[in-house]
1. Can you tell me which residue within region A:166-187, out of those that are closer than 24 Å to A:Met278 by Cβ and in contact with a Leu (Cβ under 9 Å, 6 or more places away or on another chain), is surrounded by the fewest Cβ atoms within 10 Å (Cβ to Cβ)?
2. Can you name the residue in region A:235-245 that is assigned to a helix (DSSP H, G or I) and over 18 Å from A:Lys172 (Cα atoms) and, of all such residues, is nearest to the other protein chains (Cβ to nearest Cβ)?
3. Return a yes/no flag: does region B:39-54 have any residue that is facing chain A (nearest Cβ under 8 Å), touching a strand residue (DSSP E or B) at 6+ places or on another chain (Cβ under 6 Å), within 23 Å of A:Ala28 (Cβ to Cβ) and at pLDDT 90 or above.
4. Would you check if there is a residue in region A:88-102 being within 18 Å of A:Thr188 (Cβ to Cβ) and in contact (Cβ under 8 Å) with a residue 24 or more places away in the chain?
5. Could you name every one of the helices (runs of 4 or more DSSP H) located completely within region A:1-120 that has at least 3 residues being closer than 30 Å to B:Ile75 by Cβ, in contact with a helix residue (DSSP H, G or I) (Cβ under 9 Å, 6 or more places away or on another chain) and at the interface with chain B (Cβ under 9 Å from one of its Cβ atoms)?
6. Take the residues in region A:178-198 that are more than 13 Å from every other protein chain (Cβ to nearest Cβ) and hydrophobic (A, V, I, L, M, F, W, C); name whichever of them is nearest to A:Asn135 (Cα to Cα).
7. For A:Phe175, only one of the following conditions fails: (1) touching a Ser or Thr at 6+ places or on another chain (Cβ under 6 Å); (2) among the aromatic types (Phe, Trp, Tyr); (3) within 20 Å of A:Gln284 (Cα to Cα). What is its number?
8. Scan A:Tyr268, A:Tyr248 and give me the residue that is farther than 26 Å from A:Ser211 by Cα, more than 14 Å from chain B (Cβ to nearest Cβ) and among the aromatic types (Phe, Trp, Tyr).
Amino acid sequence: MTKVLDIPKVNAKNMTEKEFFYGHKACAGCGGSIAVRLALKVLGERTYSALPAGCMSAVGFIYPQMAFNSNAIITTFPGSASMAAGIAAGAKALGQKDFKTVVFAGDGGTADIGFQALSGMIDRNDDVLYICYDNEAYMNTGIQKSGLTPYGTKTTTTPAGQNIPGTVTHKKNLFEIIAAHDIAYAATASIGYPQDFINKVNKAKHVKGASFIHVYASCPTGWGTPTETSVEIAKDAVDCGLIFLAEYEDGEYKLNRNPKEFKSVEEYLKKQGRFKHMSDADIQCVIENRDKKWERMRKNWL
Amino acid sequence: MIKMNRPKHTEYKTPTHIDDYPTGPQYDAGFLPEKNAGWRTFKPVVNHDECIYCLRCYLLCPDGTIMKDNGKIKIDMDYCKGCGVCAHECPKDAIEMVKE
């Protein structure tokens with residue numbers, strides 16, 4: 001495997017000026033499009049993108065408007081990882097070198113619908129980078145609950161009422177599920193920490209074999225936040241400990257950010273329309289779950 | 001010159017003959033017949049004296065409309081949606097959102 005030190009660093013000053021995701025129709029302030037745009041800029045021109053049904057395929061391919069400026073294809077909803085594996089195998093058979101195949105799937109397309117194909121792709125260790133932009137619900141179809149929707153979220157399929165505080169289940173541990181496949185490289189990131197995300201994509205670019213990045217991307221439309229705070233919210237989520245930044249490499253977990261003190265969870269939740277209804281008891285439930293998770297992570301990953 | 005790095009706005013010609021339609025489900029990459037400028041209520045205005053060229057706005061623009069132009073930032077108003085992320089994230093408050 002390529003050593004980390006040998007990989008040329010990428011940052012805002014030296015990254016390519018070319019835009020590969022431009023003129024798309026995503027909502028103003030879309031977090032997912034920041035993730036896709038930055039990842040494509042790091043990966044460069046010789047990239048094959050595969051996108052299942054989801055926001056980024058809906059806003060990128062509106063005939064005849066083609067927002068992707070490199071090779072991109074819409075895949076079946078459950079088969080994005082297998083199609084990307086096929087693209088990688090096909091390009092290899094044609095003798096192409098110096099290319100990367102990447103999947104941009106939403107949280108529903110990764111954790112729920114596309115999961116078996118993703119699991120198979122990692123099992124076969126196909127040379128594909130799978131990026132899941134997590135906006136915590138099926139935003140494209142109108143904010144339905146997904147496997148990665150956190151506790152207390154108000155969605156159209158889990159409305160908040162007097163008896164039930166919206167979503168009653170906690171977020172799936174997707175990162176650990178992926179790492180349990182003993183994948184070559186897996187990481188979590190947030191668009192609130194763009195340089196960290198760029199570094200992780202850059203690292204995954206140089207991994208031969210399957211790699212996975214779970215990037216937390218805000219959605220002003222579905223979350224009920226002002227468009228200009230998209231990045232701030234994604235940063236707050238990390239700072240209050242509900243989202244963690246970690247890596248899995250060579251069979252080892254690594255916690256990238258281990259804050260001594262967390263920011264207020266309540267403040268983070270109350271900024272968003274989807275959590276407005278939450279009572280103190282519900283917020284306490286979120287905090288307890290967070291503390292339990294961090295205790296486990298600090299015990300096992302440090 | 002700078003526009004070379006981005007797909008250009010292209011006029012869409014309505015096909016007049018069956019041969020003008022694309023064959024199969026594919027289409028040219030970076031083909032942009034429509035602009036997004038109409039979405040905007042507020043437009044970003046950069047104060048170049050305050051700007052320290054940290055490129056945070058360049059990184060975080062969801063639409064990639066902010067470009068480098070000889071040590072200054074420049075915004076492509078054809079595709080800016082006016083979301084205000086650049087103004088909100090600017091460490092020097094050098095970008096102001098002004099009503100169109």
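1. Taking region A:166-187 as the starting set, the residues that turn out to be closer than 24 Å to A:Met278 by Cβ are A:166-174.
Still in the running and in contact with a Leu (Cβ under 9 Å, 6 or more places away or on another chain): A:171-172, A:174.
On the way: A:Lys171: 21, A:Lys172: 18, A:Leu174: 21.
Residue satisfying both the conditions and the ranking: A:Lys172.
2. Filtering first and then ranking leaves A:Lys235.
3. Checking region B:39-54: not a single residue is facing chain A (nearest Cβ under 8 Å), touching a strand residue (DSSP E or B) at 6+ places or on another chain (Cβ under 6 Å), within 23 Å of A:Ala28 (Cβ to Cβ) and at pLDDT 90 or above.
4. Scanning region A:88-102 turns up at least one residue that is within 18 Å of A:Thr188 (Cβ to Cβ) and in contact (Cβ under 8 Å) with a residue 24 or more places away in the chain.
5. Once the helices (runs of 4 or more DSSP H) in region A:1-120 are filtered for at least 3 residues that are closer than 30 Å to B:Ile75 by Cβ, in contact with a helix residue (DSSP H, G or I) (Cβ under 9 Å, 6 or more places away or on another chain) and at the interface with chain B (Cβ under 9 Å from one of its Cβ atoms), what remains is A:31-43.
6. Within region A:178-198, the match that is nearest to A:Asn135 (Cα to Cα) is A:Ala189.
7. Every listed condition holds for A:Phe175 apart from (3).
8. Matching residue, one of A:Tyr268, A:Tyr248: A:Tyr268.
The values are calculated or read from the model by the stated rules, or taken from the named source; none is laboratory data. Treat the numbers as computed from the prediction; the structure is a model and nothing was measured. Virtual Cβ from ideal backbone geometry, glycine too; neighbours counted across all protein chains shown.
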